[in-house]
Each structure stands twice: as structure tokens, then as C-alpha cells.
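Structure first, then comments.
What follows draws every value from the coordinates through simple rules; no lab data is involved. Keep in mind it's a predicted model, so treat the numbers as computed, not measured. Cβ placement follows ideal geometry from the backbone for every residue including glycine, while neighbour counts extend to all protein chains displayed.
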Amino acid sequence: MRDPEQTEELVELCTSSFGAIDGLVNNAAVNHEALPWDDDVDRVRTLVETNVLGVLYTGMAAARAMVTAGRGGSIVNISSGASLGQRKLGAYAASKGAVASLTYSWALDMEDAGIRVNAVCPLAHTRMVWTSERALRACPPERTPDRIAPLVLYLLGDLSAGITGQMVRCNGPQLHIVGQPHLKAPILEREVWDADSVHRAFEEVFGPHLEPYGLEKRVPPLLRTWLSAAGA
């Protein structure tokens, strides 16, 4: 749903057929693997328009209909664990990170209107994993999409009242909440920062507090140096 007019038509079809729209699952996405210097501009544009703008346009149209009806509702966006960083998936990871941020923002915006907004990070064997040997290893055929469906249905339904602004990951057998980004202590403060004082902050203070990054939790070199010095 990369065309905003089509999203409006889709929502209008729902409201004219059923009287209102109470739930939306934003599940359209495309994916491809590429290193940053090999990626194709047209493929990236298609990916972003589908994975980000498609979610935005459809969610905006559905939210307008829900607010007009005045009876609340639930939106479930489909994000991905790739949003934490994954090799050869920069464009896809960025698009799913955008969906995560959008979920948090929409949850704040829509709470007073009685609309809950959550995101699901599924791992299921679909056509999206067929082109990647790594994805096929991580997601065998028995992890079918129907194993994710109960979570989505729960978040859409009344039993999940009071749950909003959450990222929930399900890979079939495992179900867990995804932690949200936060400001990490220590927080240093100076009247004015310059390049030298920033350098000292990292070398003298922030080194042991650097975050392992990506889904594989790779340790930054400076953190490795601190850990080695500490005998860890």
C-alpha cells in the first residue's frame, strides 16, 4: 500500500462493508540483502515506500476512521528484530526501526482516542526468507506464520486492553517483550563540550558503558579494551 489513495479506498471499503474499522494489522513488507556499497537505489526506494510509507499511509487512514467512529481500536504494526541491526539488511533494518519508532509515537498520540498501538516482531517461514541462507537456517519451515497469529489476534482484541506502545517478539516457541531505547547512565554535563573533552569522556568514562550492537551483540573495540584491562 505505497499509494495513499489506495489506503483511503481500502479503509473506506472496510467501513462501508462493516460499519467501522476496529483493528488494523500493518503487515506489508519487502526485503533484500545487500552490502551498503552494493545496494540498488531503486530497490531501496521500493523497500522504504512499502515498509515505511505503506505503514504510515494505512495507519493514518485507519486512525482517522477510528477517531471519526469514536469507539477506539487497535493497530498492530509488524516490525522486526532486524531493527536492532543485522548484517546485509541495512535498508530493511532501517525501515523496521522506523516502524518501531512510529509505534511508540502513535501509541502516545492515540491513547486519548482509545486507540492502542503495538508492534510485533515475528520470525516465521515466509517467502521473505527464501532468498537468504542465513534466514532459512534461523527460520525452518515448521515455524509457520500461523504460530504468530495468536499474538496478533490477542493484541487486536479486548483482552489486551491497557497494552499499548509495546514491541513484542515471537519466533514460534518464544514470546517476549523487546526493550525500548533509553538514555543510559552515566550522564556527563559541561557548560560547553569541545572535541577534546568529548574524547576524554569516551576514553575515561564511557568506555565500559558502550553497548554491544546488532542482533549478534558485537562488542565495540573500545569496550573490548576496557574489558581486557579489567580482566573480564
Notebook entry, point to check: Taking +1 at the Cβ of each Lys and Arg and -1 at the Cβ of each Asp and Glu, which of Ala29, Ala149, Ala93 sits farthest along the dipole of the chain towards its positive end, judged by Cα position relative to the Cα centre?
Noted result: Ala149
Next item on the list: Can you tell me the FRET efficiency between Glu191 and Val219 if r is taken as the Cβ-Cβ distance and R0 is 25 Å, rounded to the nearest 0.05?
Entry: 0.15
Next item on the list: Would you list which lysines come within 20 Å of Lys96, measuring only between C-alpha atoms, while excluding same-chain residues fewer than 8 positions from it?
Entry: Lys88, Lys217
Notebook entry, point to check: Restricting the count to DSSP beta bridges whose residues both fall in the chain, what percent are antiparallel, rounded to a multiple of 5?
Noted result: 20 percent
Check: How big is D, in µm² s⁻¹, for the chain by Stokes-Einstein at 10 °C and 1.306 mPa s if Rh is the Kirkwood radius over C-alpha pairs?
Finding: 80 µm²/s
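Please return the longest range in the chain lying between exposed loop sites, taking chymotrypsin sites (Phe, Trp or Tyr not before Pro), DSSP loop only, at most 16 other beta-carbon atoms within 10 Å, and leaving the sites out.
Details: sites that count: Trp37, Trp130, Trp193.
Result, exposed sites excluded: 38-129.
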Next item on the list: Return the long-range amide H neighbours of Val117 (sequence gap of 5 or more, or a different chain), with a cut-off of under 5 Å between placed amide H atoms.
Entry: Ile75, Gly165
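Relative contact order for the range 4-177: what is it in percent, counting Cα pairs under 8 Å that are at least 6 residues apart? Walk me through the numbers on the way to the answer.
Working: 282 pairs, mean separation 38.8, N = 174.
Contact order relative to length: 22 percent.
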Next item on the list: List the residues whose amide H sits under 5 Å from the amide H of Val25, counting only those 5 or more places along or on another chain, with H placed 1.01 Å from N in the peptide plane.
Entry: Val76
